[in-house]
Amino acid sequence: METNEQVNINAKICIVVEEADETVFWLEVIQEVNITSKIMIDELMNESLEILKATSTYKNKLKSKII
C-alpha cells in the first residue's frame, strides 16, 4: 500500500476511533441519568467498546507502518 493511501486510511480510522470514543462517552452519560434500561446500555456499551478497541489497535498498527 502506498504511503498516501496509508495516510488517508489512517485519517479515516482516526475519525472512527473518535466517534466510537464519543459514543462510549454518551452511553456513560445516559447510564448515569438512567434514561433507559441498564441491560440495553450494557449491550450497547460492550459493542461500542469492542469497536473502539479494534479500531484503536488497527490505528496503532497502521501508524507504525507509516512511520
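Quick look at the values:
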read-out: Approximate spin-label separation Met40-Ile66, in nm, with each point projected 7 Å along Cα-to-Cβ; value: 3.8 nm
read-out: Rounded tilt (10° steps) of 3-32 against the dominant C-alpha axis of the chain; value: 10 degrees
read-out: Shape call, the chain: gyration tensor on alpha carbons, a/c limit 1.5; value: prolate
read-out: Computed label-point distance, nm, for sites Leu49 and Asn4 using a 7 Å Cα→Cβ extension; value: 4.1 nm
read-out: Under Karplus coefficients 6.51, -1.76 and 1.60, residue-wise ³J(HN,Hα) of the stretch 35-46 in Hz, glycine/proline x; value: 6, 9, 5, 4, 4, 5, 5, 4, 5, 5, 4, 4
read-out: Accessible surface, the chain, averaged per residue in Å² (probe 1.4 Å); value: 78 Å²
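The values are calculated or read from the model by the stated rules, or taken from the named source; none is laboratory data. Note that the coordinates shown come from a computational prediction; the quantities given were computed from them, not determined experimentally. So basically every Cβ, Gly included, is an ideal-geometry build from the backbone, and we count neighbours across all protein chains shown. These accessible areas exclude ligands, DNA and RNA; they are computed on the full protein's heavy atoms, side chains included. Shrake-Rupley method; radii C 1.70, N 1.55, O 1.52, S 1.80 Å.
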